[in-house]
Each structure stands twice: as C-alpha cells, then as structure tokens.
Amino acid sequence: MDTENVKRTTALLFSAVAAGYVLVATYPYGAGMTSDSIHYLTAARHLMQRGTLTTYTGEPLVSYAPLLSAVYALLGLTGIDLQLAARLVSAFSFAAVVWITWHWLHEFQIGIKAVWIGATLVLLARPLLWYAPYALSELPFIALTMGALWQSWRYAIGGRWTNLIASSICAGLSVLMRWIGVTTIGTISIFILLAGSFPWKKRLAATAGHLLVTLIPSVLWISRNHLLTGTLFGTREPADYPLREMVFDTLWSLHRWVIPFTFENSVPMFAVFVALGISLVGAAIRLQWKGYDAVLRKGLFLLFLSTGLYAIALMNMAREAKFEALSERLWSPIAVPLPLCLVLLWTLLQPSGSLARLARGALMAAFVGWYVSGFVFGMEMLSKCFQDGPGVFNTSTWRGSETIRWLRGHPLQGKVYSNFPEPLYYFSGIVSEHTPHQGPMRVASETHPRNLQQFLQKLRNDWKEGRRVYLIWFNNTSRSHYLCPLSELEQLLELRTVRRFPDGKILQFRQMRVTQQGFVCIMSRSLEARWAASIAKSLSLLNNNCIRSEQVRSLIRDPRYHGILYHTCVPMKKLGLWLRRWSATEYLW
C-alpha cells in the first residue's frame, strides 16, 4: 500500500473512532438535551411543519443562529427522526474535525509522529468528548471553523481561488451556526492581508471577496430578525461579570483539559505552569524564529490569531451581555486550534540546545496530561451515558418524571407557567412560560424572561381574561440560584395544589395575596427606581422613622438589600391607598 493510501486510511480510521464515540454514547437514550437543544429541535420541527423558524413559545428564533435547526429540518424531510438527525450531525461533525486535523498536519510536513500526536490530542480533547453527544451547535461550529481556517491557509500559500471560496463558505456558515463565528471571518481577513504570498492588490481583492461572501447571509438573517422583533440578536440584560471572575472561570475551565483530577490549589498551580511554559517556549522559539519554514510560521500565526480573537470576543461578550460563566462549553472552540499550536511549537523546537530541550519537555508534559485527562473523562462520559443518559434533560430523572407522565395523560386547559418550561415541552408537549427571575435574566429572549413585577402583571391580565392559570413546579434545584423560589411566590399568590408528586407539583392560581409582607417583597424587588423618592417621602409622612429618599433609591437598586424595607412597619391600608394614587402597584388590584 502506498503512502497516500496509508494516510487516507489512517485519517478515516481516526474519524471513524470519533463518530463511533458519539453514536455509541447516544445509542441507549439519544442525544443529550439542554435548553438550547430543545430550542434547536423545536425550531427544526416548526420549519418542517409550518415553514417558519419559531421556538416552542411561538416566538421567532432570534437569539439562536438558524443553521443547526435548518440542517435538522433538512434531514427530517428525508424521513429521519429529529433525534437521530441530532446524533448524526454530532457524529459527522466530530469526525470532520478529526479528519481536517489529520490532513492539515500532514500538509505541514512535520513528520508522522507529530501528526499522530496532534490528531490524538484532538480526539481526546475533553470539551469535545463532553459536548459531542449533545444536540448542540458546538461541534458543527468547530468543524466549520477548522474547515475555514484550513482552506484559508491553503489559499495563502498556494493562491488558488477554489481554496478561498471554500474558506469563505465555511466561515459564512459558521456565523449562521454560532454568532461568534464573526471572529473566524475577521481572522481569515487579517491573515490573508498579512500573510498572503502574493501582491497587495490581490490580497485586498481576496479580502473584499471573502467579506462579501461571508457577510451577506448573516446580514440577511439579522435583517429578518430586526423586521420580526426589532432586535438583531434578541435581548439580554447587561452583564455584571467582573474581570477577576472571568479570569478565574477561564483558568478553572482550561486547567481541567490537562490536569485529570482537580485538587486544592490546582488552578493556581496551572496558572503558574502556563506562565512558565509560555515564557520558556517563547524564549526558545524567538532564538530561531526567522530560520523556521515559512509554511509552518504562517500556520502557527493563523492558529494563534484565531485563538486570540475568539478569546477576546468571548470575554467582551461576557462583559456586555448576561449569560452563564465562562465554562468549558464556551471555550470548546479553542480546543482544536490550541493543541495544534502546541504541536507545531513542539515541532519547531529542535533539541539543539538545553533551552529547547527543556521547552519540548514542558510541551510533552502538557500532552501527557491532556491525554490522561481526556481518556479518563471519555470513560466517565460513556459510563454516564449508558447509566443515566447524556445531557441536562435527557437523564433518567426527567425521562421518568411522574409529574410529566401524569400531565401527558391529563392535559391542562389554561395558561401554564413553570420553572422548567423546556423539558416540560420536550417530554409532554405542554407550552409554558418561565416563572420570574430574582436577578438578572440569563436566558434567551425566546423564553419570555420576566422579573417578578412583570410576572404578576401577566397573571393579572390572565385573570382578567378569565383564564385558568397553572403553575407546574419541579423540585429540581439546578435553577434555584436565579429563579424566584416557590416559597416567595406563595407569599404573593394564593395557590391550590392540584396534584403532588415526588419530583414536583401542579398548582392552580386563585388570587393575589395583598399582605404587608407580600407588598414589601414586591416593592423591594420589582419597583422601578423612579418611584423611590416619592415613595420615601410619603412613607416618611406615615412613619417618622423611615429611611431617607436617597437610601431607598440605592436599596431598591441593590439586590443585596432586598427586604430591608420590612423595617418601615407602615400600615398596609394607608400605604395601599397612597400607592393606588400613584399607580405604582396597580397590578395588585
């Protein structure tokens, strides 16, 4: 067998292992389900049935990029079940990532040993092993990104327009898979301008053509979003994510890629190790940089540029819009460019001096840690998938929910609210809206996030329209850190228990509770700041010991002091009469 056939066969073997891992992990219970997964699959079903991209709430799909739902729908139209479609897309994406990695490393001509090291690093990347069995956009996004980077590198060194077109198509599709794909477009544009092996005029023309091809689909999509909803990407609240927490969360996520078992002070140790490693490798590379092959230098520059722009964009987004911490899932797109960078650095560091040998040793230690961490986690993931099922909502707890099982046989006639509307819809088909948040809203706009005041106003409107209103409350505590607890809602609402189960309860709303405790809770959590001074002034007339206006204003805005207004001890009747006049809590009556 000749060399080309060996390379092709080995690449297919590695890709088959990646795809097999996904298919085996999802065989017992299907693809893993999260809130995002349910939005993607529901939008795909609606696209097949109605021709519109809407999620389970009936709202247009805006916060989520459309391509994954479109791919699911396309497979669904061929007769494939959507759950199977999700499994196939994840398996193909993981296989494509490994296949691209193998061929790209071969084209660097760095030796078969380095190719094996790089391909195995990608195959055992912990975040890929984690999210590959899920019905999520991470793996397809990584596959499109790597395809775009690979083809742009081939264009920069060869000048073939076919490579540029392929790169532009992949980059444009990556934005429609995840909005942060705009970093891929920026990376390729900068790379062509700075590293292209042809005259400036041709570089400028290539960059302009690349931007034209990649941006048109995204511009059309966000124009559609603006026409339907008045927003480009949906609405989220401003972030309050300090830089210190961002750095710690990032280190916590990344250190688990190379340290198999976490222990006390593992994050500081990892930070010190990374700082020393970067200094050591950087010093060793700098001594011989100009003597290295131009093809390798361009590849290294492209991979570092991609990783850096993605990191900057992600951290900037975390500072602008409210969402969960910088977890492994959000950092997963750099889990392929990063090990490729390390492999190329290891290749460039020829053991010609003590500094280079020391740097190669540090990189080999990182490789070994990456292998062990990935292998251990992969075994744990497979075990979990076989025992309990992958994903947040595809576990035995949700599949065997007695509350959902009863609801499937006894559909409710009326408006429904729930603290877990996504799995409720996925397993029973019941459309519900979210219960209120007690802090900033971290969910997408399609899920109707609302604070306590808006929630109560919604209930009041439902009551006026004569609807029956139900609250389906699951005992799962995974959202207790940002949702109003049931005990607080029961202070404000009179709820009748319809059915009670081990994992949840079904409650029917009867009427509002107008009590001093309930009112103060509403006021301290939900009242708009513009009412603060007027309320403080009126409270002072009713209670000489009331705190000053500026204090009330600051306390209402500061969630740490919610509930401090209990100490006003104002008679509820007088306070209610005054507030009627100002319409501040009109929704109570």
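The values are calculated or read from the model by the stated rules, or taken from the named source; none is laboratory data. Everything quoted here is computed from the prediction, not taken from an experiment. Cβ sites come from the backbone with ideal geometry, for glycine too, and all protein chains shown count toward neighbours. With ligands, DNA and RNA removed, areas are computed over all heavy atoms of the protein, side chains included. Shrake-Rupley method; radii C 1.70, N 1.55, O 1.52, S 1.80 Å.
Could you please give the count of residues in segment 458-484 that are without any contact (Cβ under 8 Å) to a residue 12 or more places away in the chain and part of a loop (DSSP other than H, G, I, E, B)? Number satisfying all stated conditions: 5. The number of residues in segment 228-281 that are surrounded by 13 or more Cβ atoms within 10 Å (Cβ to Cβ) and within 25 Å of L358 (Cβ to Cβ) comes to 17. What number of residues within segment 191-219 are closer than 15 Å to A148 by Cα, in contact (Cβ under 8 Å) with a residue 40 or more places away in the chain and of a type in the set (A, V, I, L, M, F, W, C)? Total meeting the criteria: 5.
Of the residues making up segment 398-417, just one is out of contact with any Gly (no Cβ under 9 Å at 6 or more places or on another chain) and among the hydroxyl-bearing types (S, T, Y), namely Y417.
When A366 is tested against (1) touching a residue at least 40 places away in the same chain (Cβ under 8 Å); (2) more than 25 Å from A18 (Cα to Cα); (3) touching a helix residue (DSSP H, G or I) at 6+ places or on another chain (Cβ under 7 Å), exactly one condition is not met: (2).
One residue alone among S69, S37, S63 is assigned to a loop (DSSP other than H, G, I, E, B) and either farther than 19 Å from V97 by Cβ or aliphatic (A, V, I, L, M) (or both), and that residue is S63.
Here is the figure for segment 419-439: residues that are of a type in the set (G, A, S) and buried (at least 23 other Cβ atoms within 10 Å of the Cβ) total 1. Just one of the listed residues (A359, A365) is assigned to a helix (DSSP H, G or I) and open to solvent by 10 Å² or more (accessible area, probe 1.4 Å), namely A365. Within segment 299-318, does at least one residue satisfy the condition of being without any contact (Cβ under 8 Å) to a residue 12 or more places away in the chain, under 23 Å from the mean Cα position of the chain (by Cα), farther than 23 Å from W153 by Cβ and open to solvent by 70 Å² or more (accessible area, probe 1.4 Å)? There is at least one residue in segment 299-318 that is without any contact (Cβ under 8 Å) to a residue 12 or more places away in the chain, under 23 Å from the mean Cα position of the chain (by Cα), farther than 23 Å from W153 by Cβ and open to solvent by 70 Å² or more (accessible area, probe 1.4 Å). Residues that are in contact with a Phe, Trp or Tyr (Cβ under 7 Å, 6 or more places away or on another chain), of a type in the set (S, T, Y) and touching a residue at least 24 places away in the same chain (Cβ under 8 Å) do not occur anywhere in segment 341-351.
Kindly check whether there is at least one residue in segment 224-242 that is of a type in the set (S, T, N, Q) and within 30 Å of G378 (Cα to Cα). No, because not a single residue in segment 224-242 is of a type in the set (S, T, N, Q) and within 30 Å of G378 (Cα to Cα). No other residue among G282, G234 is part of a helix (DSSP H, G or I) and modelled with pLDDT under 85 apart from G282.
Taking R178 as the residue in question, decide whether it is modelled with pLDDT under 95, under 22 Å from the mean Cα position of the chain (by Cα) and closer than 30 Å to L41 by Cα. Yes; evaluated as a whole, the condition is true for this residue.
Restricting attention to segment 41-61, the residues being of a type in the set (G, A, S) and either in contact with a strand residue (DSSP E or B) (Cβ under 6 Å, 6 or more places away or on another chain) or open to solvent by less than 20 Å² (accessible area, probe 1.4 Å) (or both) number 2. Here is a list of conditions, (1) under 14 Å from Y21 (Cα atoms); (2) open to solvent by 10 Å² or more (accessible area, probe 1.4 Å), and A125 meets all of them except one; can you say which number that is? A125 satisfies every listed condition except (2). Considering segment 396-418, the residues that are crowded, with 20+ Cβ neighbours inside 10 Å and hydroxyl-bearing (S, T, Y) include one that is nearest to the chain's Cα centre (by Cα), namely S418.
If you go through segment 194-215 and keep only what is open to solvent by less than 60 Å² (accessible area, probe 1.4 Å) and not in a helix (DSSP H, G or I), you end up with G196, F198. A single entry from V89, V24, V115, V17 fulfils the requirement of being modelled with pLDDT of 95 or more and open to solvent by less than 40 Å² (accessible area, probe 1.4 Å): V89. Taken over segment 251-260, the criterion of being within 16 Å of W130 (Cβ to Cβ) and of a type in the set (A, V, I, L, M, F, W, C) is satisfied by W252, L254, W257, V258, I259. Restricting attention to segment 319-340, the residues being open to solvent by 20 Å² or more (accessible area, probe 1.4 Å) and either part of a helix (DSSP H, G or I) or on the phi > 0 side of the Ramachandran plot (or both) number 5.
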